[in-house]
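K.L.:
Here it is, the structure in full.
The values are calculated or read from the model by the stated rules, or taken from the named source; none is laboratory data. Quick caveat: nothing in here was measured; it's all calculated off a predicted structure. All Cβ positions, glycine included, derive from the backbone under ideal geometry; neighbour counts span all protein chains shown. Please note that ligands, DNA and RNA were not included when accessible areas were found on the heavy atoms of the full protein model with its side chains. Shrake-Rupley method; radii C 1.70, N 1.55, O 1.52, S 1.80 Å.
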Amino acid sequence: MKKPFQSVMFRQGQGNNDAVIYNQALRQQQQNTETTTHNIKDIIMKKSIIALAFIATGLTTGVQAKTTALPTLTDTAALELVNQGLQSCSKDGYNVSVAVVDRTGSLKAFGRSELAGPHTVDSAQKKAFTAASMGQPTANLAKLVTDKPFLQGLKDMDSRMLLLGGGMPIKVDGQIVGGIGIGGAPGGHLDQACAEAAIKVALK
């Protein structure tokens, strides 16, 4: 095993010149050792960076491989659903509010007849949220909790939910992309009929 430093021998009596030569040699060996250590650290650091970059690339590739493309509800489609919902109910003489949400329950479009009751603003949005969240018509959920009282807790699961007829999930290629809710017609089944008509026309 090499020693980090090598002694330089000089004869007694050579005086200051030999001491200077010794000191210079010693300093040179120290500098060489420091340079070698620095180079080794550089090599280790570069290899570590390359290894980390490789790992990060592998992780990114793995994530990308698991990414799934999902259909989304466009703003244009959401507005068309609202317009069709208003028109469908208006033909039958119903003044309603219509809300459309995306798959997360966030509001995308809303419309209200001038004579619709103030309470319909909130009910329409809650019906849309419930339909998108639960993935089925709100009328079905209302019947479910009536037939099976032990499921009454569904009503309190989220403050944005409303188990009354008039909410319908919106599906594209068999996948839920949002929900539409209508409130204001004299009966939840009539609200639902308008919502179904809107989906049929807007998403044909």
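K.L.:
Using the alpha-carbon centroid of each, what span in Å lies between segment 92-119 and segment 125-204?
P.N.:
Centre-to-centre distance over Cα atoms comes out at 13 Å.
K.L.:
Also, I was wondering about something else. Would segment 63-160 count as rounded, prolate or oblate if I go by the C-alpha gyration tensor, calling it rounded below 1.5 in a/c and otherwise prolate when a/b exceeds b/c, oblate otherwise?
P.N.:
It comes out oblate by the Cα gyration axes.
K.L.:
Turning to a different aspect of this structure: Which whole-number value in Å² is the accessible area per residue of segment 69-204, probe 1.4 Å?
P.N.:
That works out to 50 Å² per residue.
K.L.:
Using a 10 Å cut-off on Cβ atoms, rank the peptides 184-195, 150-161 from the highest mean neighbour count down.
P.N.:
184-195, 150-161
K.L.:
How would you order 68-80, 114-126 from highest to lowest mean count of nearby Cβ atoms within 10 Å?
P.N.:
114-126, 68-80
K.L.:
Take the solvent-accessible surface of the protein heavy atoms, probe 1.4 Å, and return the percent of it on segment 64-173 that carbon and sulfur atoms account for.
P.N.:
Taking all protein chains in place, segment 64-173 shows 52 percent carbon and sulfur surface.
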